[in-house]
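Worksheet: one structure, shown below.
Since every read-out is calculated from the coordinates, none of them should be taken as a lab result. A quick note: this is a predicted structure, and the numbers were derived from the prediction, not measured. Every residue, glycine as well, gets a Cβ built from its backbone with ideal geometry; the counts of neighbours run over all protein chains shown.
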Amino acid sequence: MKRTKFRSLTVTLAVAFLALSAVVLLIANSLQIYFNFQIQRRIIIGQQQLIAQKAANTVSSFVQGKLDVLKTTATLGNLIASSGQEQKLILEKLLGFGPAFRQLVLFDAQEQELLKDSRLSNLLSIQLTEQKKRELFSQTSRGKTYISSVYIDEITSEPMVVMAVPIMNVFGDFKGVLLAEVNLKFMWDLVGGIKVGKTGVAYVVDKRGDLIAFGDISRVLRGENLSHLKEINKFVKGGMLPHKDSADIVKGIQGTWVVANHAHLGIPDWAVMVELPVREAYKPVLASLELTIWTILLSFALALVAGAYLARRITKPIIDLRNAAGKIGEGRMDTRIEVKSQDEIGQLAVSFNQMVKDLNKTTTSIDNLNREIAGRKKIEGNLRDSERRFQEVVSNASEWVWEVDAQGLYTYSSPIVEDLLGYKPQEVVGKKHFYDLFTDKDRDELKKMALEAFAAKQPFKEFINANIHKNGQMVWLMTSGVPILDTNGNLIGYRGSDIDITRQKEAEDELAVKIKELEEFNRLAVGREQRMIELKEEINILLAERGMEAKYEIVR
Amino acid sequence: MNKKISFKLPILLATLLVVVCTLLSGCGKKTQKMYHVGILSGIDAFASTADAFKAKMTELGYVEGKNIVYDFQKVNVDPAGEQRIAKKFVADKVDLIFAFPTSPAVTAKAATQGTDIPVVFANAGIEGSNLVESVRQPGGNITGVRFPSWELTVKRLEFLHELVPQAKRIYATYDKTYPGISFTLDELRKAAPLMNVILVEVPVTTAEEIKDDLKARSESKDIGIDAILVMPTLLTVSSGFEAVNNFAVEHKLAVAGSTNDNADIGAVFSYIPQNADFGKLAASLADKVLKGIPAGTIPVGTPEGYLRFNYKVAQELGLNVPEGLLSRADEIIR
């Protein structure tokens, strides 16, 4: 027999329950997290735009402030036309304006240095490279301001930038240049002070992607180029505006994943980058994600236990039923199931118990059954023997055995009927009533008598009647019969037998004739002794034929 | 048996859920780290640096008693005391030592050798003190705010020359044992000829020697000096200053001071960073260090000079103060 692998219903139910719970939980939570993420993303974009723009404004206004002072001085001071004393005073006043101006230099239109003043010792004068000077004059001679790239002061390691504004007369002619070395340390402080969330950072890069202001000054001093960072690359390649609808997750300046945005300063051509670590930016989402993961895990565990518990609750009665069935199979008919639940399984258990009870009533053990079967077989055999014996008896007996129904129609006939009446049994059974065989003379009377006996359900014995043989001869039968009744005592028919007494009847008739003749002869002829003896001898012979003792003693 | 477990497990898991949730919410509220910072002040004249440091630290989010505790220890020119305190800080395993000026900074650096305690210094001369490898990359576990000693001393001489251009002989007495003073002298010696002035250098080791020198000058026919440049050595800004100032008053000489308060007690001006600036800058460095940036990688800061001009003294001396110089002053005492 093919053995199929057993699959526990409990496990199947528990797994199904768990799977269902898992799917529902995952779908619900995924949707929630997705929407939370979208909302948070929009918030972050908005916040970062604001921070970036504000930071850009801060840095820009610092630079712009210095430029404005220089421009105002260049415009109002009439610097070129003034005396040396006046020029010096103006420059000194400018230096006194704030610590950001470290050095000031005044050039005429011929690029000749007219005057210089410094917050530092005059030993430490600004040394402009020829290239820088060319750039400076090419810009300023066209009426434009000039801002150099950022460089680091060797003594103080502070970031410096050279700013220069053209000096024009009222006709707009180029008359000279006012140059200032501006200490960006103060901008560093500003940038360092920009708060981007709790752990975010802001920093400034120039158009080449060089880091020019950042909280970790050592990195600025190393002159790092950050154009490999995606957000900075965007700016370097011309993305001036802060992006309004995306909060890309990119690698930040500290090598961590951040949400970044930037704002272009305009003048100078720098950008402020703001970065907020993903962890902080999406903290609410992460927190809810974390909680969700825990919830899911715990829910799984609960679902697992609840599933196992429920499955077990459902299958326990079934397992009990199975075990009980097993026990009954082993013949322990006293097995019963404890019924606890009121549900279908409870009903099943009740039915099962009832079934076992009924089974107990109707079925004995296998031994009993076998014994019964053996008994029945024996009886059947006996029955068959009896029947055979009956058939043999019936076939060999000189008696005609028959059965009729309540109307007198033959339902059975032994084969001897043919010897007696010349009919085969099949010509009698179902075709002839018993009275059909009577002589016409006696039929009505005998029929009446017989049916009266039928009605009384009485047995009858040695009823002598004359019947007509198939060949037309008269046959004398002596009939005996008993009624056949059903369990309620209603007549079904009669069963009985007939004996042919025709010869006996004829002998009796002949005997009666002889006796009559003897008596007549005796009365009429006395003396005829011999004749008498002969007659007596004849009589004795006749008697002997009949098995009777001799009536007359013959004396010779 | 099974049945018992089935009934208990859901309860157990529900309890677990509650515990985990409680833990999770507890994790959110991280206990704030309490920083311990040892402050070593080596000279009273700079003691206010610590106040500015603390004020800036508060501004940066370090609130005393809440997430930071200061162990403020001060001595007044006491190398043995400095060492004792530095060792105590190391023994206490403070999170950071803030030491000023040069001598305590050097002591703290030595005391923290072999530990992971960072040192932030202020008011310290890095030239000749071997405190840092370079301004850009201090190295080791130290960073701080340098005292821009030589630049400002040269500038002070320039200001003095601008104020009293007729003064050609400038008195410069200094503690010859003071670390890094030779560096300042070298620069001064380069600058003086450019202004056409002569430095009258008087190297000493005690205040008595200064007094003796000044006494000798008073007693001679020509005092031999036209103005006084106070040199940035401990001796000359403390006990030495009094003798020098008395002499200046007596002989109506202009004194260029080397501490902020020199201008309050006789100097016509002083040009030196304010203690508060040292403190502020040091605090922003300390903030970075506490946030985990290795101190040795944080460039040394340089504060701006602060020009305090005592207009009263200038008037008493009958000096014609150039407007430009006054414009440059960060503070004018009238």
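Are there any trypsin sites (Lys or Arg not before Pro) in the stretch A:397-482 that are in a DSSP loop and have at most 15 other Cβ atoms within 10 Å? List them by number.
Of the trypsin sites (Lys or Arg not before Pro), the ones in loops of the stretch A:397-482 whose Cβ has at most 15 other Cβ atoms within 10 Å are A:LYS431, A:LYS457, A:LYS470.
Alpha carbons only, please: Rg and Dmax for the stretch B:229-334, in angstrom.
Just the Cα atoms of the stretch B:229-334 yield Rg and Dmax of 17.1, 55 Å.
At 0.890 mPa s and 25 °C, plugging the Kirkwood radius over alpha-carbon pairs of the stretch A:353-502 into Stokes-Einstein gives what diffusion coefficient in µm²/s?
In µm²/s, the coefficient rounds to 137.
Relative to 2.2 N^0.38 Å, what does the C-alpha radius of gyration of the stretch A:175-288 come to as a ratio? Two decimals please.
So the Cα radius of gyration is 1.14 times the expected 2.2 N^0.38 Å.
Using just the helices of chain A, give the 222 nm mean residue ellipticity in deg cm²/dmol: DSSP H runs with n ≥ 4 each add -39,500 (n - 2.57), and the total is spread over all residues, rounded to 500.
Numbers: 15 runs with 280 residues, N = 556.
Calculated from helices alone, the mean residue ellipticity at 222 nm is -17000 deg cm²/dmol.
Considering only DSSP states other than H, G, I, E and B, which GluC sites (Glu not before Pro) in the stretch A:311-402 qualify as loop sites with at most 16 other Cβ atoms within 10 Å?
Listed in order of number, the matching sites are A:GLU330, A:GLU338.
Among the complete DSSP H segments of chain B, which ones combine at least 30 Å of alpha-carbon extent along their axis with a mean Kyte-Doolittle hydropathy of -1.0 or more?
B:2-28
To the nearest Å, what is the center-to-center distance of the stretch A:165-194 and the stretch B:238-263, using C-alpha atoms only?
39
Averaged across the residues of A:121-129, what count of C-beta atoms belonging to other chains lies within 10 Å of each residue's C-beta?
4
For chain B, set up a GNM with springs between Cα atoms under 10 Å and report which of B:VAL230, B:VAL120, B:VAL77 has the largest fluctuation.
So, out of B:VAL230, B:VAL120, B:VAL77, the one fluctuating most is B:VAL77.
Going through the stretch A:216-312, which trypsin sites (Lys or Arg not before Pro) have at most 10 other Cβ atoms within 10 Å and a DSSP loop state?
Values: sites: A:ARG219, A:ARG222, A:LYS230, A:LYS234, A:LYS237, A:LYS244, A:LYS251, A:ARG279, A:ARG312; in loops: A:ARG222, A:LYS237, A:LYS244.
Within the stretch A:216-312, the qualifying trypsin sites (Lys or Arg not before Pro) (loop, at most 10 other Cβ atoms within 10 Å) are A:LYS237, A:LYS244.
Placing +1 on the Cβ of each Lys and Arg and -1 on the Cβ of each Asp and Glu in the protein assembly as shown, which of A:LEU265, B:PHE72, A:ASN169 has its Cα farthest towards the positive end of the resulting dipole?
A:ASN169
Helix A:366-396 versus the longest principal axis of chain A: what is the Cα-based angle in degrees, 0 to 90, to the nearest 10?
30
Once the Cα atoms of helix A:440-456 and of chain A are each reduced to a long axis, what angle between those two axes, in degrees from 0 to 90 to the nearest 10, is obtained?
So the inclination is approximately 50 degrees.
Would you mind giving the average projected area, over all directions, of the Cα convex hull of the stretch B:95-251 in nm² with one decimal? Walk me through the numbers on the way to the answer.
Numbers: hull surface 40.4 nm².
For the stretch B:95-251, averaging the hull's shadow over all directions gives 10.1 nm².
Can you give the average number of partner chain beta-carbon atoms within 10 Å of each beta-carbon in peptide B:151-160, as a whole number?
3
List the residues of the stretch A:11-32 whose backbone N lies under 14 Å from a point placed 7 Å from the Cα of A:ASP343 along the Cα-to-Cβ direction.
Residues A:13-14, A:17 fall inside that zone.
Could you give me the radius of gyration and the Dmax of chain A, taking only the C-alpha atoms into account and expressing both in angstrom?
70.7, 228
Hey, could you grab the Kirkwood Rh for the stretch A:366-442? Inverse mean 1/r over distinct alpha carbon pairs, Å, one decimal. Mind showing how you got there, number by number?
Values: mean 1/r = 0.0675 Å⁻¹.
Hydrodynamic radius (Kirkwood, Cα only) of the stretch A:366-442 equals 14.8 Å.
Contact order normalised by length for the stretch B:186-244, with contacts defined as Cα pairs under 8 Å and 6 or more residues apart; what percent is it?
After rounding, I find 36 percent.
Taking just the alpha carbons, could you work out the radius of gyration and Dmax for the stretch A:324-404, both in angstroms?
Every Cα atom of the stretch A:324-404 included, Rg and Dmax give 24.3, 76 Å.
Which angle from 0 to 90°, rounded to the nearest 10, does the C-alpha axis of helix A:529-545 make with the longest principal axis of chain A?
The helix A:529-545 is inclined about 10 degrees to chain A.
Calculate the mean, over all residues of peptide A:214-221, of how many other protein chain Cβ atoms lie within 10 angstrom of the residue's Cβ.
The shielding value for this peptide is 5.
Could you tell me the relative contact order of the stretch A:92-131? Use alpha-carbon pairs under 8 Å, at least six residues apart, and round to a whole percent.
About 32 percent, as a whole number.
How big is the dipole moment of the protein assembly as shown about its Cα centre under a simple scheme where the beta carbon of each Lys and Arg is +1, that of each Asp and Glu is -1, and everything else is neutral? Debye, nearest 20, please.
Magnitude of the dipole: close to 600 debye.
At a temperature of 25 °C and a viscosity of 0.890 mPa s, determine how fast the stretch B:87-150 diffuses translationally according to Stokes-Einstein, using the Kirkwood radius over alpha-carbon pairs as Rh; express D in µm²/s, rounded to the nearest whole number.
213
Mind checking which of A:TYR494, A:ASN540, A:LEU421 is farthest towards the positive end of the stretch A:404-556's charge dipole, using Cβ charges of +1 (Lys, Arg) and -1 (Asp, Glu) about the Cα centre?
Towards the positive end, the residue furthest out is A:TYR494.
Across the stretch A:84-146, what fraction of all alpha-carbon pairs, as a whole percent, falls in each successive 10 Å bin from zero upward?
19, 48, 32, 1
Roughly how many Å is it from the Cα centre of the stretch B:59-85 to that of the stretch B:283-334, as a whole number?
Between the Cα centres of the stretch B:59-85 and the stretch B:283-334 lies a distance of 24 Å.
In percent, how large is the relative contact order of the stretch A:171-271, given Cα pairs closer than 8 Å and 6 or more residues apart? Don't skip to the end; give the middle numbers.
Values: 126 pairs, mean separation 19.4, N = 101.
Across the stretch A:171-271, relative contact order equals 19 percent.
Go from 0 up to the bin containing the longest alpha carbon distance in chain B, width 20 Å each, and give me the % of pairs per bin.
29, 45, 16, 6, 3, 1
Suppose we take every Cα in the stretch A:41-156 and form the convex hull; what volume per residue is that in Å³?
Values: hull volume 18.3 nm³, N = 116.
Once divided by residue count, the hull of the stretch A:41-156 is 158 Å³.
List the extent of the Cα atoms of the stretch B:211-266 along each of their three principal axes, largest first, rounded to whole Å.
33, 19, 14
Taking A:LYS431 as the anchor, which lysines have their alpha carbon closer than 28 Å to its alpha carbon, excluding any fewer than eight residues away along the same chain?
Here the lysines satisfying the reach criterion relative to A:LYS431 are A:LYS441, A:LYS447, A:LYS448, A:LYS457, A:LYS461, A:LYS470.
Given a cut-off of 18 Å, name the pairs among A:LYS198/B:LYS54; B:LYS74/B:LYS288; A:LYS207/A:LYS237; A:LYS316/A:LYS357 whose C-alpha atoms lie farther apart than that in the structure shown.
Details: A:LYS198/B:LYS54 21 Å; B:LYS74/B:LYS288 24 Å; A:LYS207/A:LYS237 9 Å; A:LYS316/A:LYS357 22 Å.
The answer is A:LYS198/B:LYS54; B:LYS74/B:LYS288; A:LYS316/A:LYS357.
In the protein assembly as shown, if the dipole is taken from +1 on Lys/Arg beta carbons and -1 on Asp/Glu beta carbons about the Cα centre, which of A:VAL220, A:GLN254, B:THR206 is farthest to the positive end?
B:THR206
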